[in-house]
């Protein structure tokens, strides 16, 4: 193990204690794993009832309070938490036994429905990072080996050039490349970073990795030996997986999680997606007679703001049986989800939908909205709600200013009101749509 990684394990002691705890659990039986999960599930539901205004009122109204206190209930008896519930009640969902000064606020990208805000404490970051590193061990990665991340969420990368963060990346042997926008020149720069950095793992958004692989293939470039590629944040289409395997000559591991509940599941070397029972409890409610159902997930890691039976907006299903890999964790399969479009400007810049979603973070009075690219240099913003004249001007001016700062001359914004926004056949709203995009990898 390199010296900088020894420094990292010292500085992040709690994260690595959790990492090695997870490593030990991989050797336990499935019965032990599920028993631990059931105990954690009961504990967090009881805590939610005892320490939050929202769940106390909800469970009292539903008549399940006595069952929760006694621990004699089935989880299906508890009501489902929707994104609308979360948006409207987030402050009342925070546990009263948490020091408010320790709370952090996060925002979702809206890729699976209504964008929402949520609260958490720093310990969940340690658990998330430990879980991700456990995922990396499935391809043979060992602590201290280099990891290269291609990350498409602009809001996570505001301080990427900060000296402290640069030092942190060096200590962790992990490099993060901002990938929320890119063009042909950017892909060329990324390839040079790949050659120079020589990572053993590449992790990033599925579409970004696919674009990079296509660039490498088109130019007939060689790549350094890679132990595994980890796809996250988006649907990994079969054609993308095939392209990545062909170009990098390694196995592709699909990860599953969301901002509110990270580290839910990850594929093993046999292609089965294993649920991390220390992080989440997963249910699937069937849609008609289809195998794939609505995913209902309970976070087992966020004690500051319990998320009990939360409908994340994705679809999937639970699988029976065990996996050849020997991991004791239950298995799930994924349906199709996260269907917002990438916006491509007239100068060839690719902009991730989360950029546009986060432009709306401060406008809580807007009930529904949708960005729609109608030309290479023009975007329409459709808004539903009772918008006052002064609010209309505020929205238009603030968003135009931000877009001009980030993409001067590339995109012109027009605001449209009193227009009905249609749902997809699966019942979701799409918050970012490009009328120009022909999906290459579907």
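Could you list, in sequence order, all residues of region 235-257 that are part of a helix (DSSP H, G or I), touching a strand residue (DSSP E or B) at 6+ places or on another chain (Cβ under 8 Å) and at pLDDT 95 or above? Can you show your working first?
Taking region 235-257 and keeping what is part of a helix (DSSP H, G or I), we get 238-248.
From what's left, touching a strand residue (DSSP E or B) at 6+ places or on another chain (Cβ under 8 Å): 240-241, 244-245, 248.
Selection gives 244, 245, 248.
Output the helices (runs of 4 or more DSSP H) that fall wholly within region 117-197 and possess 1 or more residues being assigned by TED's automatic domain parsing to the domain that holds residue 23, at pLDDT below 90 and buried (at least 19 other Cβ atoms within 10 Å of the Cβ), or say none.
Details: elements: 123-136, 163-172, 184-197.
Per the criteria, 163-172.
Just the residues that are in a loop (DSSP other than H, G, I, E, B), free of Cβ contacts under 8 Å to residues at least 60 places away in the same chain and surrounded by 13 or more Cβ atoms within 10 Å (Cβ to Cβ), please, taken from region 58-87.
The initial filter retains those residues of region 58-87 that are in a loop (DSSP other than H, G, I, E, B), namely 63-64, 71-74, 78-80, 82.
From what is left, the residues that are free of Cβ contacts under 8 Å to residues at least 60 places away in the same chain are 63-64, 71-74.
Hits for region 58-87 are 64, 73.
Check whether at least one residue in region 377-396 is in a helix (DSSP H, G or I), under 17 Å from residue 433 (Cβ atoms), modelled with pLDDT of 85 or more and in contact with a strand residue (DSSP E or B) (Cβ under 9 Å, 6 or more places away or on another chain), and report yes or no.
Going through region 377-396, the residues in a helix (DSSP H, G or I) turn out to be 389-396.
From what is left, the residues that are under 17 Å from residue 433 (Cβ atoms) are none.
Within region 377-396, none of the residues are in a helix (DSSP H, G or I), under 17 Å from residue 433 (Cβ atoms), modelled with pLDDT of 85 or more and in contact with a strand residue (DSSP E or B) (Cβ under 9 Å, 6 or more places away or on another chain).
Inspect all residues belonging to region 408-417 and state whether any of them is in a strand (DSSP E or B), at pLDDT below 80 and outside the structural domain of residue 84 (by TED's automatic domain parsing).
Initially, region 408-417 is screened for residues in a strand (DSSP E or B), giving 412-417.
Now restrict to residues that are at pLDDT below 80: 417.
Subsequent filtering for residues that are outside the structural domain of residue 84 (by TED's automatic domain parsing) retains 417.
The answer is yes; a qualifying residue exists.
Looking only at region 359-376, which residues are assigned to a strand (DSSP E or B) and in contact with a strand residue (DSSP E or B) (Cβ under 8 Å, 6 or more places away or on another chain)? Give the derivation first.
So the first thing to find is which residues in region 359-376 are assigned to a strand (DSSP E or B), and the list is 368-375.
Those that are assigned to a strand (DSSP E or B) and in contact with a strand residue (DSSP E or B) (Cβ under 8 Å, 6 or more places away or on another chain): 368, 369, 370, 371, 372, 373, 374.
Looking at region 273-288, which of its residues are under 19 Å from the mean Cα position of the chain (by Cα) and assigned to a loop (DSSP other than H, G, I, E, B)?
Taking region 273-288 as the starting set, the residues that turn out to be under 19 Å from the mean Cα position of the chain (by Cα) are 273-284.
276, 277, 278, 279 - these are the residues of region 273-288 that are under 19 Å from the mean Cα position of the chain (by Cα) and assigned to a loop (DSSP other than H, G, I, E, B).
The values are calculated or read from the model by the stated rules, or taken from the named source; none is laboratory data. Since the model is a prediction, treat every value here as computed from it, not as a measurement. Neighbour counts run over all protein chains shown; Cβ positions are idealised from the backbone, glycine included.
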